[in-house]
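Reading through the structure tokens given below for one structure.
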Amino acid sequence: MPLSRLNKEQLEAAKAPYGHNLIIASAGTGKTSTIVGRIGYLLSSGVDPEEILLLTFTNKAAAEMVDRVAGYFSKDVAGRIEAGTFHAVSYRWLKKSGAKINLKQPGELKVLFRSIYDKRQFHHLGAEAQPFSANFLYDIYSLFQNSTREPFDVWLSKRHEGQEPFVDIYLDIVREFEQTKEEFGFVDFNDLLIMMSRYVEREGAFFKEVLIDEYQDTNILQGSMIDAMDPPSLFCVGDYDQSIYAFNGANINIIGSFTKKYPDARVFTLTKNYRSTAPILQMANRVIEHNERLYPKRLEVVRDEAAQMPRLLIFDNLMQQYEAIAKSIRLSTTPHAEIAVIFRNNASADGIEAMLKEASIACRRKGGRSFFDAKEVKAALDLATLTVNPKDMMAFIHIFEYAKGIGSATAKELFEGLVELGSGDMLEGLFNPKPMTNPFKARTTNYQLGLFDNPMQIGSVSRFSHLGLEESFMAHPILKHPALNSDGVSFLYHFYKLMKSLKKISKPISTMRTILTSRVYIYIAEQLSTRRAVMKNGEIDSGKKEEAMERIKRKGALLLQLAHAYTENEKFINAMVLGGRELSEGEGVNLLTVHASKGLEFDEVYVVDLMDGRFPNRKLAGKGGSIDEERRLFYVAVTRAKNRLYLSYAKYDSFKDITFFPSQFLYEAGLLKKDRTYEMLKALSAP
């Protein structure tokens, strides 16, 4: 039984009575073992596995816990437990209920949002403030969905003064965005939770207990889903000192107010740290105790062997810091897989990565732009998506934004025109269009909402006769769109040819190979590699372009490798969209943002760029964050280390000509003597 391996505190928590239980599990105190023990206790007490719901923040964490349960019971029993992220569980439940879900990544829906935003004009309002960009408006709308139950306009006015003249336009953009998503069945990750909450309110959820890992990082939307389920027993495990997702709507008050929300709640605290040495843990405690204590706790060190003190490394300039760390790693006897370089900002990773590569040290970078967020990967998957779902307007717009002279608004109109020509099917409209004089809808005028007349004047197809394309294609009504130019028509023609080829293919590996060698994809790759090689003077660096193209090809090879494991296009695409962010490539030294390092541990850790402005990042702290959250990020970073911890900062950035002050956390850690600089930094942190 998993209970036999628990210490006294863990066992007491795992055997808690049914009801509302909160387990404060600090870094390295064995929260996974406690959760597995709790599941084992429930199963041994006669609870059916189907009556247990385990919610985690990564599918990997859920799989690990279920595997450990299987080791004590059986794969059959463990496999019947409902386990996964909030989004993955919602997706499975909704699919079982018969809901039609066309799941989209935020970046994809941002393109749709932009196509709606671009139809608006703001200049007529005469406001002093500048309107939000389309991308920023999309981001704050997503944050709004995750962090409050207030109306959008009320929430927006409280957070962003001076935007009042634009609120009506913003609301109308959001309204059209939601209507368009509903029309085409598009669902994002927020929608999954909203739909799941409505489903369980209507149908009920019959779990005897819901277990929630990383409870400190839940947001209002996730909390609403749990409230809708209203399970008779909750087992919430978290640590308020590791709440680091405020930027994504996480609300530390959810864990902080647990005993107020549930007056019958029991609070258990795990205090024994099995991960870090005493000097590392003592230093982490000195810093985090500057934050308010929501529940009383004090970590105890279990390991009693002699230990190396955390070391502070000070450098004259930024690049010297990165070079020295690379050299230190090269000389270290620690296996590279057990070494992590942790940073607050992605800008820090580039210098470290370059110096490691120069020293011929393999590394893998996680926490920056995901492989699946790369534009070339998204483009390939969008093309594949259209073969199984020709109604996917988002994928179409995303692809046609690469066509010269075609923006998102025109791409949307082309898609709608093809749907009209195909009686609801874009591919049918592409291959067998019904005869129509004008497949395009005229736009409406509404001055208040920023919408202006742009009547669709039919263009002459004869203006493209010099391109020498197939006669059957030249007769296509879609070519009458007035905004099309020769480049756009050529792109559309090659898209037509590619889609025709893909009609005959069913295997994902063949689909991806055809896409990656197509004129459309090669054109997209050429554009991306050129953009990535533009120098400050506007010229193209041929070496950088070649390097960028090589990276694009490597990503294509990885896509082929991933596709090989699937037999159906739809299953392959769904797997890439839903689980893609947790797949990784590469090996060697781990380069991690603090957020990406959460839940991991390493023998040797370097926390770099501990300069004021970088860590803490005062710019982000001023945008809805706080110095308390920055301090929690520091706590998470240093408690990843088991045996050796190095903290470093540089005094000067010669490239940008910036002089740095040390991070105030180095003073709080006792690594620097408190002086006037510390008092100044402390004053900057005051609310």
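Structure notes:
- Scanning segment 53-83 for residues that are part of a helix (DSSP H, G or I), open to solvent by 40 Å² or more (accessible area, probe 1.4 Å) and either under 20 Å from Ser233 (Cα atoms) or of a type outside the set (A, V, I, L, M) (or both) turns up Asn59, Lys60, Glu64, Asp67, Arg68, Gly71, Tyr72, Lys75, Asp76, Gly79.
- Top-ranked residue of segment 298-311 - restricted to ones that are surrounded by fewer than 16 Cβ atoms within 10 Å (Cβ to Cβ) and outside any loop (DSSP other than H, G, I, E, B), ranked as modelled with the highest pLDDT: Arg311
- Test: residue in segment 52-63 that is of a type in the set (D, E, K, R) and touching a strand residue (DSSP E or B) at 6+ places or on another chain (Cβ under 9 Å): no
- Selection of first residues in segment 32-45 that are open to solvent by 10 Å² or more (accessible area, probe 1.4 Å) and of second residues that are of a type in the set (S, T, N, Q) and assigned to a helix (DSSP H, G or I), restricted to Cβ pairs under 7 Å at least 6 apart or on distinct chains, gives the following pairs, ordered by first then second residue: Ser33/Gln10.
- For segment 668-677, the criterion of a residue being outside any loop (DSSP other than H, G, I, E, B), more than 17 Å from Ile280 (Cβ to Cβ) and either over 28 Å from the mean Cα position of the chain (by Cα) or at pLDDT 95 or above (or both) is satisfied by at least one position.
- All positions within segment 473-508 that are touching a Gly at 6+ places or on another chain (Cβ under 6 Å) and assigned to a helix (DSSP H, G or I): Ile478, Lys480, Asp487, Gly488
Per-residue answers, yes or no, for (1) part of a loop (DSSP other than H, G, I, E, B); (2) open to solvent by 20 Å² or more (accessible area, probe 1.4 Å):
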{"position": "Ile244", "(1), (2)": "yes, no"}
{"position": "Asn253", "(1), (2)": "no, yes"}
{"position": "Thr259", "(1), (2)": "no, yes"}
{"position": "Val287", "(1), (2)": "no, no"}
{"position": "Glu292", "(1), (2)": "yes, yes"}
{"position": "Pro296", "(1), (2)": "yes, yes"}
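- Just one of the listed residues (Lys181, Lys208) is basic (Lys, Arg) and open to solvent by less than 10 Å² (accessible area, probe 1.4 Å), namely Lys181.
- Whichever residue in segment 211-242 is of a type in the set (A, V, I, L, M, F, W, C) and outside any strand (DSSP E or B) and, among such residues, is surrounded by the most Cβ atoms within 10 Å (Cβ to Cβ): Met225
- Residue count for segment 325-345 satisfying the condition of being open to solvent by less than 50 Å² (accessible area, probe 1.4 Å) and touching a residue at least 40 places away in the same chain (Cβ under 8 Å): 12.
- Criterion violated by Leu109 - all others in (1) in contact with a Ser or Thr (Cβ under 6 Å, 6 or more places away or on another chain); (2) open to solvent by less than 10 Å² (accessible area, probe 1.4 Å); (3) under 30 Å from Glu413 (Cβ atoms) satisfied: (1)
- Scope segment 500-527; condition out of contact with any helix residue (DSSP H, G or I) (no Cβ under 6 Å at 6 or more places or on another chain) and not acidic (Asp, Glu); matching residues: Lys500, Lys503, Lys504, Ser506, Lys507, Ser510, Arg513, Thr517, Ile522, Tyr523, Gln527
- Residues within segment 1-44 that are in a loop (DSSP other than H, G, I, E, B) and under 23 Å from Phe207 (Cα atoms), tallied: 6
- Residue count, segment 148-166 (criterion: open to solvent by 20 Å² or more (accessible area, probe 1.4 Å) and assigned to a helix (DSSP H, G or I)): 7
- Looking only at segment 346-367, and only at residues there that are under 28 Å from Tyr667 (Cα atoms) and surrounded by fewer than 16 Cβ atoms within 10 Å (Cβ to Cβ), the one that is nearest to the chain's Cα centre (by Cα): Asn346
- Qualifying residue in segment 85-95 (condition: under 23 Å from Thr218 (Cβ atoms), part of a strand (DSSP E or B), open to solvent by 10 Å² or more (accessible area, probe 1.4 Å) and free of Cβ contacts under 8 Å to residues at least 60 places away in the same chain): yes
- Residues within segment 492-508 that are within 31 Å of the chain's Cα centre (by Cα) and farther than 15 Å from Asp382 by Cα, tallied: 2
- Filtered residues of segment 530-573 (kept if closer than 30 Å to Val388 by Cα and among the polar types (S, T, N, Q)): Gln561, Thr567, Asn569
- Being out of contact with any Asp or Glu (no Cβ under 8 Å at 6 or more places or on another chain), β-branched (Val, Ile, Thr), modelled with pLDDT of 80 or more and open to solvent by less than 10 Å² (accessible area, probe 1.4 Å) holds for only one residue in Ile478, Ile505, Ile509, and it is Ile478.
The values are calculated or read from the model by the stated rules, or taken from the named source; none is laboratory data. Remember, it's a predicted structure, so these values are computed and weren't measured experimentally. Here the Cβ is made from the backbone with ideal geometry for all residues, glycine too, and neighbour counts use every protein chain on show. Areas reflect the complete protein model, heavy atoms only, side chains present, ligands, DNA and RNA absent. Shrake-Rupley method; radii C 1.70, N 1.55, O 1.52, S 1.80 Å.
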